[in-house]
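Undergrad: Quick one: this structure, given as structure tokens, is what I'll be asking you about.
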Amino acid sequence: MANHSQLSFQDASSPIMEELMQFHDHALMVALAICSLVLYLLTLMLTEKLSSTTVSAQEIELVWTILPAMVLVMLALPSLRILYMMDEINEPCLTLKAIGHQWYWSYEYTDFKDLSFDSYMVPTTDLPLGHFRLLEVDHRVIVPTGSPVRVIVTADDVLHSWAVPSLGVKTDAIPGRLNQTSFLASRPGVFYGQCSEICGANHSFMPIVVESAPLANFENWSSLLSS
């Protein structure tokens, strides 16, 4: 999860988030190259006396048309690739339905077992030692590690948003509509998120906790919860 004074992203825990971080670094390098070139040209114009030039106006227009087009292509192609990867949902092993309420989340594992539960934020007065304030919940979402999971997101009352940054997932929860996304947790761990839509007075008190566990542990948990 995020730490105080952290400047970079949270550690990537899914292949999609790894791609997003690589694209972020790629875009920053392009922006750095553009800023360096502009700074160099400004410095040159302020320090050099331009008495004459051998470059024609047509050549200048050609350069300032082709260079921005090349920059746009360098940014657009990787961006479109990631967008298509985020939209692809290929034979998920598990389908999770997340329903946003004011102000908590409900989850259903209806295609695996008849599992459903509500997930509320743990109050600060009841928080165990070492857990995170305003981020811990009483019932975590457990998913198997290394298995593609489809998430169907909707809402019961107002707009919400199901977002887990380290998994690269953020999907709006809209009443009367089903949105879907997917993720694959590449390592065991606990990943924290929050509703990222301003949904009301207690918007900041409906966190999301996804726990990635080995398949055997996930099956044991689901058996205990359904019994």
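Undergrad: At 0.36 nm per residue, minus the direct Cα-Cα distance, what do Leu94 and Asn179 gain on full extension? Give it in nm, one decimal, please.
TA: The Leu94-Asn179 span can extend by a further 29.0 nm.
Undergrad: So, with +1 on the Cβ of K and R and -1 on the Cβ of D and E, and no other charges, what is the size of the charge dipole of segment 33-108 about its Cα centre, to the nearest 20 debye?
TA: Rounded to the nearest 20 debye, it is 200 debye.
Undergrad: Okay, helix-only estimate at 222 nm for the chain: each DSSP H run of n ≥ 4 adds -39500 (n - 2.57), divide by all residues, round to 500 deg cm²/dmol; what do you get?
TA: Rounded to the nearest 500, it is -12000 deg cm²/dmol.
Undergrad: Can I ask one more? With the contact rule set at Cα under 8 Å and sequence spacing of 6 or more, what percent relative contact order holds for the chain?
TA: Result for the chain is 21 percent.
Undergrad: Angle between the Cα long axis of helix 215-226 and the longest principal axis of the chain, 0 to 90 degrees, nearest 10?
TA: 50 degrees
Undergrad: What length, rounded to one decimal in nm, is gained on full extension from Ala69 through to Asp156, with 0.36 nm per residue of separation minus their alpha-carbon distance?
TA: Fully extending the segment from Ala69 to Asp156 adds 26.8 nm.
Undergrad: Right, something else. Got a sec? Charge dipole of the chain, +1 on Cβ for Lys and Arg, -1 for Asp and Glu; which of Ala201, Val63, Cys93 is way out at the positive end?
TA: Toward the positive end, the furthest listed residue is Val63.
Undergrad: Mind checking which lysines have their Cα closer than 17 Å to the Cα of Lys113? Skip sequence neighbours fewer than 8 apart in that chain.
TA: Output for Lys113: Lys97.
Undergrad: If you don't mind, there's one more thing I want to ask. Hey, got a sec? Which trypsin sites (Lys or Arg not before Pro) in segment 20-101 land in a DSSP loop and have at most 13 other Cβ atoms within 10 Å? Walk me through the numbers on the way to the answer.
TA: Details: sites: Lys49, Arg81, Lys97; in loops: Lys49.
Listed in order of number, the matching sites are Lys49.
Undergrad: Going by amide H atoms built from the backbone, whose H comes under 5 Å of the H on Leu96, apart from near neighbours?
TA: Arg150, Val151, Ile152
Undergrad: With a Förster radius of 41 Å, plug the Cβ-Cβ distance of Leu39 and Asp87 into 1/(1 + (r/R0)^6) and report the FRET value to the nearest 0.05.
TA: The formula returns an efficiency of 0.60 here.
Undergrad: Please list 31-42, 118-129 highest first by mean number of surrounding beta-carbon atoms within 10 Å per residue.
TA: 118-129, 31-42
Undergrad: Given labels modelled 7 Å from the Cα in the Cβ direction, how far is it in nm from Leu77 to Ser147?
TA: In this crude spin-label approximation the distance works out to 3.8 nm.
Undergrad: Apply the Kirkwood formula to the chain: the hydrodynamic radius equals the inverse of the mean of 1/r over all pairs of different alpha-carbon atoms; give it in Å with one decimal.
TA: 20.6 Å
Undergrad: Kindly state, to the nearest 0.05, the FRET efficiency for Phe205 paired with Glu59, given R0 = 45 Å and r defined as their beta-carbon distance.
TA: 0.15
Undergrad: Related question: In Å and whole numbers, how far do the C-alpha atoms of segment 15-87 stretch along each principal axis, longest first?
TA: Principal axes ranked by extent give 55, 24, 10 Å for the Cα atoms.
Undergrad: Oh, and also: For Val30 and Asp111, FRET efficiency with R0 = 30 Å and r from the beta-carbon atoms, rounded to 0.05?
TA: Once the sixth-power term is evaluated, E becomes 0.10.
Bear in mind that the values in this text are calculations on the coordinates, not laboratory data. From a predicted model like this one, the values you see are computed outputs, not experimental measurements. Please note: Cβ atoms are built from the backbone with ideal geometry, for glycine as well, and neighbour counts cover all protein chains shown.
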